[in-house]
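> The structure follows.
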Amino acid sequence: GGERYFFCNELNEKGEAVTWQGRQYQAYPIDGSGFEMNGKGSSARPSLTVSNLFGLVTGMAEDLQSLVGATVVRRRVYARFLDAVNFVAGNPEADPEQELTDRWVVEQMSSLTAMTASFVLATPTETDGALFPGRIMLANTCMWDYRGDECGYNGPAVADEFDNPTTDIRKDRCS
């Protein structure tokens with residue numbers, strides 16, 4: 001629930017709010033850092049700093065528990081793919097499919113001043129109480145049908161049901 005805000009840190013070439021996929025993103029001072037993805041170690045904890053112009057964030061922080069748990073969607077789009085309305089001469093390359101989207105959750109408000117508010121973000125899986133793995137993992141046991149849709153193996157024959165090597169696809173079995 002609650003209101004949704006759509007910000008971009010600059011104006012389009014016409015000096016207006018940026019339009020992406022038909023939605024206007026208001027120019028608002030915003031800066032993000034530390035956005036990185038890797039498969040090793042702990043997840044990134046990017047920070048997001050926004051202007052607190054006119055006390056906008058102060059009001060939201062007071063009413064909404066410092067915005068902890070709020071979803072932040074980061075959309076990355078090359079300017080050349082933006083909607084045609086952003087350009088004086090239109091845009092023949094406009095393509096609403098050309099975006100990279102990341103979802104983050106506000107983990108904590110790290111600072112709030114009259115000028116800015118800063119937040120620490122986390123991945124949704126780290127804030128929703130989910131535990132990995134989502135199913136029981138058993139060693140030396142496969143829960144899929146061998147060569148079935150879920151199995152994912154469709155290579156050459158390997159072994160029969162007794163683990164004897166075979167090249168005969170009819171004798172190929174999972175032991």
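We did not get these values from a lab; they are worked out from the coordinates using the rules stated. Remember, it's a predicted structure, so these values are computed and weren't measured experimentally. Quick reminder, even Gly has a Cβ in these numbers, built from the backbone with ideal geometry, and neighbours come from all protein chains shown.
> Across region 66-76, what is the number of residues that are exposed (fewer than 12 other Cβ atoms within 10 Å of the Cβ) and assigned to a loop (DSSP other than H, G, I, E, B)?
0
> Restricting attention to region 72-121, report how many residues are among the small types (Gly, Ala, Ser) and closer than 18 Å to ASN9 by Cβ.
Residues meeting the conditions: 3.
> OK, next. Can PHE81 be described as over 17 Å from the mean Cα position of the chain (by Cα), without any contact (Cβ under 8 Å) to a residue 12 or more places away in the chain and over 19 Å from LEU121 (Cα atoms)?
Taking the combined requirement at face value, the residue does not satisfy it.
> Go through the residues of region 77-98 one by one and say whether even a single one is closer than 15 Å to GLY32 by Cβ and surrounded by 14 or more Cβ atoms within 10 Å (Cβ to Cβ).
yes
> Quick one: which residue in ALA27, ALA61 is closer than 13 Å to PHE119 by Cα and not polar (S, T, N, Q)? Can you show your working first?
Details: ALA27 fails: closer than 13 Å to PHE119 by Cα.
None of the others qualify; the one that does is ALA61.
> VAL106: surrounded by 14 or more Cβ atoms within 10 Å (Cβ to Cβ) and either in contact with a strand residue (DSSP E or B) (Cβ under 9 Å, 6 or more places away or on another chain) or assigned to a loop (DSSP other than H, G, I, E, B) (or both), yes or no?
Details: surrounded by 14 or more Cβ atoms within 10 Å (Cβ to Cβ): yes; either in contact with a strand residue (DSSP E or B) (Cβ under 9 Å, 6 or more places away or on another chain) or assigned to a loop (DSSP other than H, G, I, E, B) (or both): yes.
Taking the combined requirement at face value, the residue satisfies it.
> Scan region 42-65 and tell me whether some residue there is under 17 Å from the mean Cα position of the chain (by Cα), surrounded by fewer than 12 Cβ atoms within 10 Å (Cβ to Cβ) and of a type in the set (Asp, Glu).
The answer is no, given that none of the residues of region 42-65 is under 17 Å from the mean Cα position of the chain (by Cα), surrounded by fewer than 12 Cβ atoms within 10 Å (Cβ to Cβ) and of a type in the set (Asp, Glu).
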